[in-house]
Amino acid sequence: MLERRVLTLWTETGRNVGDAAVLRTPCREAASPFTPETLRNIETLVKTFLERNDALGLAAPQIGISERIIVFRNKDFEEKNWSRKEDDYDVLVNPRITQSRGEPVKGAEGCLSCPDIQVEIDRFPEIKVRALDRYGKKLNRRYLDFLARIAQHEMDHLDGRLIVDYEGSLWYPKKKERFFAEVLGVRF
Ligand SMILES: [Zn+2]
């Protein structure tokens, strides 16, 4: 199956209303055992993720699939040419946080669906997650620090939540100030 385009809240010229509607829609749970459609969706998401070198993670709604599936690297966050071995990324279906621990920590996040900006967001430094793996088997994972941040970011996508929904400081290129004043409106 072909890789898919990543949907964005805006383009070079302004708000992207069609993409935003998809990105903002909460995703449905995948049925278990997986249907052939769910298996296809997992394959498409993983393939699209692996074909990019600018993604730490990707959530199904970002490529127009409204199902609760996410994928993200679990190491080598700085590397463009990372291994792409199956052990080096996690695929979670119907992920749910079962425990969050510690004081939330601030950190700047970007998102392929919100090009050119970064937002400072508070995230728990430790979470436990229950999910199904790409084959439909139950799994429990504990994520710490930056990995916990990535997992929380990707899970937000499944509920239609994006980094622009957080109140933290915002960074964008100075030359695009007017553009973002228009696109993000009330934030400025
Ligand atoms: Zn994102």
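Readers should treat all values here as calculations from the given coordinates under stated rules, not as data from a laboratory. In this text, all values refer to a predicted model and were calculated from it rather than measured experimentally. Cβ coordinates were reconstructed from backbone atoms using ideal geometry, including for glycine residues, and neighbour counts include every protein chain displayed.
Points worth noting:
- Karplus (6.51, -1.76, 1.60) ³J(HN,Hα), θ = phi - 60°, over the stretch 166-174, in Hz, Gly and Pro reported as x: 8, 8, x, 4, 10, 10, 7, x, 3
- Over all pairs of different C-alpha atoms in the stretch 112-188, the reciprocal of the mean inverse distance, the Kirkwood hydrodynamic radius, equals 14.5 Å.
- The H on the amide N of Asn74, modeled in the peptide plane, is under 5 Å from the matching H of Tyr89, Asp90, each at least 5 residues off or on a different chain.
- Quarter of the Cα convex hull surface for the chain, i.e. its orientation-mean projected area (nm²): 10.8
- Nonlocal amide H pairs with Glu126, under 5 Å, H built at 1.01 Å: Arg101, Asp145
- Taking amide H as placed 1.01 Å from N in the peptide plane, Ile117 has its amide H under 5 Å from the amide H of Cys111, each at least 5 places away in sequence or on another chain.
- With neighbours defined as other Cβ atoms within 10 Å of a residue's Cβ, the residues Ile70, Ile63 order from fewest to most as Ile63, Ile70.
- Estimated FRET transfer efficiency when R0 is 25 angstrom, pair Arg142-Asp122 (beta carbons, to 0.05): 0.80
- Stokes-Einstein D for the stretch 1-108, Kirkwood Rh over Cα pairs, 37 °C, 0.692 mPa s (µm²/s): 213
- Residue exposure proxy: Phe77, Phe49, ordered by other Cβ atoms within 10 angstrom of their Cβ from fewest to most, comes out as Phe77, Phe49.
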